[in-house]
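Inspection log for the structure reproduced underneath, given as C-alpha cells.
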Amino acid sequence: MRTANKVIDVVFGIFALLYAVAALLSPATVGGEAAQSFHLEHAMREQGAAGVFLALMFFWCVFN
C-alpha cells in the first residue's frame, strides 16, 4: 500500500508542477482569457505559485 501511495503522490506532484510552470511562464496557455486582461494574468500566476507549493507538498509526502 505504501508503494501505491508514493506512486500517486509522484503523479500528482508532477501534474501540479507542470501546471505551475505553465501558469507561471505563460498564463494564456492555461486560461485563454488571461492574455486579454492583466488581472486574470495576475490571478493565473498566483495559481501557478500555489501549484508549486502543492507540488512540493506532494513530493515531501513521498519522502516522509
Subset of segment 7-27, residues closer than 16 Å to L56 by Cα and surrounded by fewer than 13 Cβ atoms within 10 Å (Cβ to Cβ), comes to V7, V11, L18
Pairs returned, first residue in segment 44-57 that is farther than 11 Å from D9 by Cα, second residue that is among the β-branched types (V, I, T) and assigned to a helix (DSSP H, G or I), beta-carbon separation under 6 angstrom, 6 or more apart or interchain, are M44/V30
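Condition check: at pLDDT below 90 and farther than 30 Å from N64 by Cβ. Does A34 satisfy that? Lay out the reasoning, then the answer.
Numbers: at pLDDT below 90: yes; farther than 30 Å from N64 by Cβ: yes.
Yes: the conditions hold for A34.
The values are calculated or read from the model by the stated rules, or taken from the named source; none is laboratory data. If you're wondering where the values come from, they're calculated on a predicted model, not measured in any experiment. We place every Cβ from the backbone using ideal geometry, glycine too, and count neighbours over all the protein chains shown.
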